[in-house]
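Read-outs throughout are calculated quantities, based only on the coordinates presented, and are distinct from any laboratory measurement. Keep in mind that what you see is a predicted model, and the values were worked out from it rather than measured. Methodologically, a virtual Cβ is constructed for each residue, glycine included, from the backbone with ideal geometry; neighbour enumeration extends over all protein chains shown.
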Amino acid sequence: MHQRFHTWLMVLAMILAPMGHASAAPPEGYIVVLQDHTPDVPAVAAEHAQKFGASLRFVYEHAVKGYAAVIPPERLAHIQNDPRVLFVSPDRAVSAYATQTLPTGINRIEGEISSPYASSLSGIGVAVIDTGSGPHPDLPNIVGGVNCSTGKSYADGNGHGTHVAGTIGAVDNGAGVIGVAPGVWIYSES
C-alpha cells in the first residue's frame, strides 16, 4: 500500500510539475499534498483556510491526501513550511494525449509486423465466440452477431469479448490499438 501510494504520488508530481514554459500570470490556485500519515485531512485543510486565508475548492482523502485552494501569495510559504505538507504545486489544467499502443497479445505473435500495413482485408469475416463484442470506437467493423446465451444481445457483457475482437480487428484510427487484421468484419457471438 505504501509503495503504491508513493508511485501515485510521483505520477501526480509529474503531472503537476511545471510544463517548461514560463507564465507571467499567477496560478489560479494550488494543490496542497499532505503527508500520507495525516489522520484528519479535512481538519488540516480547514485549519489552513482559517489560519492562512486559503479558499478551499476541494479536499482529497482517498488516492492522495490534500486539498485544492486559492492561497494568497504572501501566505503560501507558511503552508509550504507546515511539517504535515509534503509539497504544494500550482493547480492548472493538464491533458493527456493517447496514442495507439501495441498490446502484449499482438506483440507476442508479432502481429504488428505486417498487419497494419497489409493490403485491404475488406470482405474477410471473423466470428468471435466469447462474451460478445462492443460497442467500441476501435471496432466499427462489428457487422452482426448472435447471442447464444441469453438471446437478448451480442453486445459485450464484461469486456473480454471486446478485448479479443480488438486483438483481431481493431482499426488503425490513431487511438487505442491496431488489431492483427485491422478492419476485418467481426461477427460477435455470445
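A few notes on this one:
- P(r) tail fraction, the stretch 104-189 - alpha-carbon pairs more than 17 Å apart, %: 42
- Length added when fully stretched, residue 49-residue 127, from 0.36 nm per residue minus Cα-Cα: 22.1 nm
- Less than 5 angstrom separates the built amide H of residue 35 from those of 85, 86, all sequence-distant by 5 or more or on a different chain.
- Distant-in-sequence amide H partners of residue 127 (H built 1.01 Å from N, under 5 Å): 187
- Taken about its Cα centre, the stretch 104-189 carries a charge dipole of roughly 140 debye when the Cβ of each Lys and Arg holds +1 and the Cβ of each Asp and Glu holds -1.
- A protection proxy built from the mean count of other Cβ atoms within 10 Å ranks the segments 75-83, 154-162, 127-135, most packed first, as 127-135, 154-162, 75-83.
- Once backbone amide H atoms are built at 1.01 Å from N, residue 178 has 101 as its partners under 5 Å, excluding neighbours fewer than 5 places away on the same chain.
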